[in-house]
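Input: a single structure, listed below in structure tokens.
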Amino acid sequence: MTDEDRTIHDSTADSFLRRIFDRVPVGFYRTTPDGKIVHANLALARMLGYESVEELKKRDLEFEGYEPSCPRADFKRRIEKEGTIHGLDARWQRTDGTFIDVREYADIVRDEKGEVLFYDGAVEDITSFKRTEESLTQSELRYRRDYAMFRLMADNMQDMLWAKDLNTRYIFANRAVCEKLLNASDTDEPTGKIDIFFADRERAAHPEDPEWHTFGEICEDSDSVVMQSRKSGQFDEYGNAQGQFMFLDVHKAPLFDEDGKLLGTVGSARIVSREKELESEQRLSQKALEEAFASLRSTQESTLRVMAKLVETRDPYTAGHQERVARLAAAIALGLDLDDEKREGLRVAALVHDIGKLRVPVEILSKPGSLASIEMDLIREHPQAGFEILSEIPYPWPVEEIIRQHHERIDGSGYPRGLRGDEILIEARIIAVADVVEAMSADRPYRPALGIEVALDEIRKGSGSLYDPDVAAVCCDLFESGRFGF
Ligand SMILES: [Fe+2]
């Protein structure tokens, strides 16, 4: 290589380095101990807000450019003592008065006698890095504060609260779950452990009582249920803990990370043993009440039948009459869609509808042939007599009123009061029809049985005048369709 070649080569290399020197986003400088900037690259000038290196060089570092908390004196002291600086954070002032965070790397340059000539350094602008770091510190602080608050709240509530990972190991447990269920030494102890660890430890500590701790073994594995379904749910869990029976109302939910990946479960539980006890006591007393009511019903039922029999012993021709009327009346009521309450009242009333005949002399009741008008009058008193007898008994249905009305006719021609149409209870209108049909189709002291056809003809003929037309229609239909027979 000739000298000329070398000159060209050197100048090419020099301009190459110069270009790199100006373009890298790192500031380079050479300064003197007394604060003069000897060399600098464009990157450094721009970092500090200058348009050119020349302008930057006018800065006197002895008097300007540093934030008071990190003066140049610190830098000088350190580099002269150590000879090199590898990463010194400082804050430098820009031309607009704002500060940037920088990290400096520098070496000292001395002459043969050891006197300091220059400081050669490289500078990174770490402002945005610092900001990120600060905001991270801030959010870390906030997280710690929030967690401390959450922990305080969780530990001060009566309900149990926890979180578990995919392997059902505790991630979090509040004081209530540690004290009431796990018997853990503190709220950190459950972390990384599963329920069985504590169950086994409890049992081992009480070998004299195999029932000391049974919790978590009787009930379904609700952690798996929640993780498999990925849905929250309510679970009834129970068993013994610390020798005491405990019933828990448990709520669990799947725990996901921000990308929707399943991490485990969270849960809460409230001890509801007392509520459950009350509930079962309530159920028991409800059952006792139902049994008492049922026995009352059966007593009442037998009383009814005794009363019905009583009438029939006095009037042998009407044996079974009331029972059959009750059956037909019940079938009609069903066909008319009467509600349960009305149907039950009707059944009871029909079973004893002639109870008033207890007050009619036996001779009249069993007399064959036709009756004198005075005898007829006595018989016609039986609905009112029935009303009086039964008004002594407190029924939940208007039994006595139904009985009083069972000989009324809708055109007002009936007795004892000559009521019309809707003035007559529907139950009484039904018994009226059933009574006539049964009476005509059976033997009577004064005549032989007329047969069901004659009875139904009578009903059809009287429908709308004597008998309720709806009741009459349903009654005839029951027989005609073969759905009912005595
Ligand atoms: Fe009657």
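Would you mind stating whether LEU365 is modelled with pLDDT of 85 or more, among the hydrophobic types (A, V, I, L, M, F, W, C) and within 13 Å of the ligand (Cβ to nearest atom)?
So LEU365 does not fit the description; no.
Out of the residues in segment 84-119 that are over 30 Å from GLU133 (Cβ atoms) and among the acidic types (Asp, Glu), state the one that is surrounded by the fewest Cβ atoms within 10 Å (Cβ to Cβ).
GLU112
Would you check if there is a residue in segment 334-344 being assigned to a helix (DSSP H, G or I), crowded, with 24+ Cβ neighbours inside 10 Å and either more than 16 Å from the ligand (Cβ to nearest atom) or assigned by TED's automatic domain parsing to the domain that holds LYS309 (or both)?
Looking through segment 334-344, none of the residues is assigned to a helix (DSSP H, G or I), crowded, with 24+ Cβ neighbours inside 10 Å and either more than 16 Å from the ligand (Cβ to nearest atom) or assigned by TED's automatic domain parsing to the domain that holds LYS309 (or both).
For segment 368-377, name all the residues that are more than 14 Å from the ligand (Cβ to nearest atom), surrounded by 11 or more Cβ atoms within 10 Å (Cβ to Cβ) and either over 17 Å from THR318 (Cβ atoms) or hydrophobic (A, V, I, L, M, F, W, C) (or both).
Those that are more than 14 Å from the ligand (Cβ to nearest atom), surrounded by 11 or more Cβ atoms within 10 Å (Cβ to Cβ) and either over 17 Å from THR318 (Cβ atoms) or hydrophobic (A, V, I, L, M, F, W, C) (or both): LEU371, ASP377.
Quick test for you: out of ARG460, ARG483, ARG380, pick the one residue that is of a type outside the set (Ser, Thr, Tyr), free of Cβ contacts under 8 Å to residues at least 24 places away in the same chain and surrounded by fewer than 18 Cβ atoms within 10 Å (Cβ to Cβ).
Answer to the check: ARG460.
Please determine, by comparing only the residues of segment 251-276 that are surrounded by 15 or more Cβ atoms within 10 Å (Cβ to Cβ) and not in a strand (DSSP E or B), which one is modelled with the lowest pLDDT.
Of everything passing the filter in segment 251-276, LYS276 is modelled with the lowest pLDDT.
I'm checking my understanding of the structure. Among residues of segment 302-326 that are assigned to a helix (DSSP H, G or I) and without any contact (Cβ under 8 Å) to a residue 24 or more places away in the chain, which one is nearest to GLU438 (Cα to Cα)?
GLU312
For segment 424-486, which fully contained helices (runs of 4 or more DSSP H) count at least 1 residues that are within 16 Å of the ligand (Cβ to nearest atom), among the small types (Gly, Ala, Ser) and within 18 Å of LEU351 (Cα to Cα)?
426-441
Just for segment 386-406: of the residues that are within 13 Å of the ligand (Cβ to nearest atom) and buried (at least 21 other Cβ atoms within 10 Å of the Cβ), which one is farthest from ALA330 (Cα to Cα)?
Step by step, filter segment 386-406, then rank; the result is GLY386.
The values are calculated or read from the model by the stated rules, or taken from the named source; none is laboratory data. Keep in mind it's a predicted model, so treat the numbers as computed, not measured. Neighbour counts run over all protein chains shown; Cβ positions are idealised from the backbone, glycine included.
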